[in-house]
Ligand SMILES: [Fe+2]
């Protein structure tokens with residue numbers, strides 16, 4: 001492959017997406033190919049390294065099953081899971097109604113679908129080791145309104161740092177509940193310990209190679225679903241746990257750190273008699289309203305510049321709606337004015353309006369609409385400004401591309417010349433060696449001739 005191919009292969013691979021019908025798929029794959037190619041170029045990826053990576057991903061797939069999801073673990077430990085959670089939260093909280101919602105964090109690889117639904121206040125520990133802990137709180141909207149009937153999945157490790165699915169076939173320290181009419185929930189379980197993510201697979205090998213520890217701070221998982229609200233996946237972290245500053249999956253958020261308050265043996269808040277010290281944890285869950293049509297909004301953004309992407313698109317839509325309102329208002333007033341003139345009636349506002357009657361107001365209204373349209377046209381550039389800017393950008397990109405190609409060509413020419421120089425140097429060294437050897441032979445011959453001559457004399 002020539003050096004030119006090494007660059008243009010990226011364009012060629014992206015061009016093969018021209019038949020893709022799903023715009024979101026096309027956008028994601030285009031970026032993936034571009035970044036993947038750039039990564040390979042940046043690190044000068046060798047075939048051996050690439051085959052090692054493929055082997056690593058194959059091993060990761062082989063570790064996945066009903067109870068183990070090594071790919072989620074890989075995504076978690078590389079920080080990608082948490083990054084996608086942050087992006088989703090940022091999108092969701094753009095709306096004012098979503099502000100104040102409980103922060104989300106990673107789901108992790110230990111969610112087990114189908115946990116038993118239990119009565120509020122039940123003990124879900126099911127015999128796992130650990131000090132008893134009573135968890136309680138309310139599920140509300142961001143404005144504090146109670147959400148009744150919310151489905152709450154909870155799961156955690158035991159005091160030894162193990163999940164039920166790591167120790168057997170039975171679900172333990174895991175259940176689901178429904179919030180009551182006041183949005184309240186409560187249950188008993190154990191105080192969890194900090195624990196390492198599984199390190200007996202390819203992700204463990206990767207962490208060791210990176211020189212990283214594999215620990216997560218102590219936490220309890222929550223997954224909350226309620227009609228009309230965005231699903232929430234989150235944790236409550238133990239404020240006294242180790243590793244809050246270096247979670248192996250980057251999942252800690254300050255707002256999710258809760259207090260495990262210790263109590264002596266006695267009567268618990270729910271009236272239960274507890275024969276040993278126990279903990280209470282208060283953790284409210286505030287849900288954001290469900291976005292109305294995230295798919296439509298996303299597709300609009302995927303159409304790219306000139307198609308109303310993101311906030312710019314929203315601004316233009318708002319402006320268009322405002323102009324439509326003004327136009328409709330002006331038309332309505334125009335019609336009313338015509339009707340009044342036809343009936344010979346005077347405008348009821350005539351004497352109250354400074355500077356004239358309905359006709360003048362109508363002119364002013366029309367002028368206002370016209371000014372609004374002109375402003376919108378100037379701001380949007382009628383699409384022409386955006387296109388010109390895009391054209392300029394493309395021109396710059398082409399020039400950068402050309403310069404980059406020239407630099408790489410130059411670099412390769414220098415490399416070739418350097419190699420030729422090295423070859424000539426090697427040849428020169430060989431010749432020098434031969435000359436030295438010939439000189440030595442000549443010296444020997446001269447010495448022998450001298451000895452012979454001396455003997456003869
Ligand atoms: Fe966990």
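Okay, here's what the table says:
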quantity: Residue 57 vs. criteria under 19 Å from residue 201 (Cβ atoms) and either within 20 Å of the chain's Cα centre (by Cα) or not assigned by TED's automatic domain parsing to the domain that holds residue 169 (or both); calculated: no
quantity: Of the criteria (1) surrounded by fewer than 18 Cβ atoms within 10 Å (Cβ to Cβ); (2) at pLDDT 95 or above, which one residue 294 fails; calculated: (2)
quantity: Residues of segment 163-178 that turn out to be surrounded by fewer than 18 Cβ atoms within 10 Å (Cβ to Cβ) and under 13 Å from residue 121 (Cα atoms), as a count; calculated: 1
quantity: Leading residue by the ranking (nearest to residue 223 (Cα to Cα)) among those in segment 128-157 that are within 16 Å of the ligand (Cβ to nearest atom) and over 30 Å from the mean Cα position of the chain (by Cα); calculated: 135
quantity: Sole exception among (1) within 14 Å of the ligand (Cβ to nearest atom); (2) under 19 Å from residue 67 (Cα atoms) for residue 193, by number; calculated: (2)
quantity: One residue from 276, 246, 255 being away from the ligand (no atom under 16 Å from the Cβ), surrounded by fewer than 20 Cβ atoms within 10 Å (Cβ to Cβ) and over 27 Å from residue 122 (Cβ atoms); calculated: 255
quantity: Residue check, residue 98 surrounded by 14 or more Cβ atoms within 10 Å (Cβ to Cβ) and within 16 Å of the ligand (Cβ to nearest atom); calculated: no
quantity: Close pairs from segment 191-202: first free of Cβ contacts under 8 Å to residues at least 40 places away in the same chain, partner part of a loop (DSSP other than H, G, I, E, B) and within 15 Å of the ligand (Cβ to nearest atom), Cβ under 8 Å, at least 6 apart; calculated: 195/157; 195/161; 195/162; 195/218; 199/214
quantity: Any hit, segment 177-190, residues being within 30 Å of residue 56 (Cβ to Cβ) and more than 16 Å from the ligand (Cβ to nearest atom); calculated: no
quantity: Complete set of residues in segment 205-229 that are touching a helix residue (DSSP H, G or I) at 6+ places or on another chain (Cβ under 6 Å) and either within 13 Å of residue 102 (Cα to Cα) or within 11 Å of the ligand (Cβ to nearest atom) (or both); calculated: none
quantity: Any hit, segment 115-123, residues being at pLDDT 95 or above and in contact with a helix residue (DSSP H, G or I) (Cβ under 6 Å, 6 or more places away or on another chain); calculated: no
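Yes or no, residue by residue, for (1) out of contact with any helix residue (DSSP H, G or I) (no Cβ under 9 Å at 6 or more places or on another chain); (2) exposed (fewer than 15 other Cβ atoms within 10 Å of the Cβ); (3) under 28 Å from residue 170 (Cβ atoms):
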residue: 13; (1), (2), (3): no, no, no
residue: 18; (1), (2), (3): no, yes, no
residue: 38; (1), (2), (3): no, yes, no
residue: 66; (1), (2), (3): no, yes, yes
residue: 70; (1), (2), (3): no, no, yes
residue: 90; (1), (2), (3): yes, yes, no
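To keep it simple, each residue is scored yes or no on (1) touching a strand residue (DSSP E or B) at 6+ places or on another chain (Cβ under 9 Å); (2) farther than 17 Å from residue 281 by Cα.
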residue	(1), (2)
181	yes, yes
188	yes, no
196	yes, yes
249	yes, yes
254	no, no
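The values are calculated or read from the model by the stated rules, or taken from the named source; none is laboratory data. The structure displayed is predicted, hence computed values, not measured ones. No Cβ is skipped: glycine too gets one built from the backbone with ideal geometry, and neighbour counts run over all protein chains shown.
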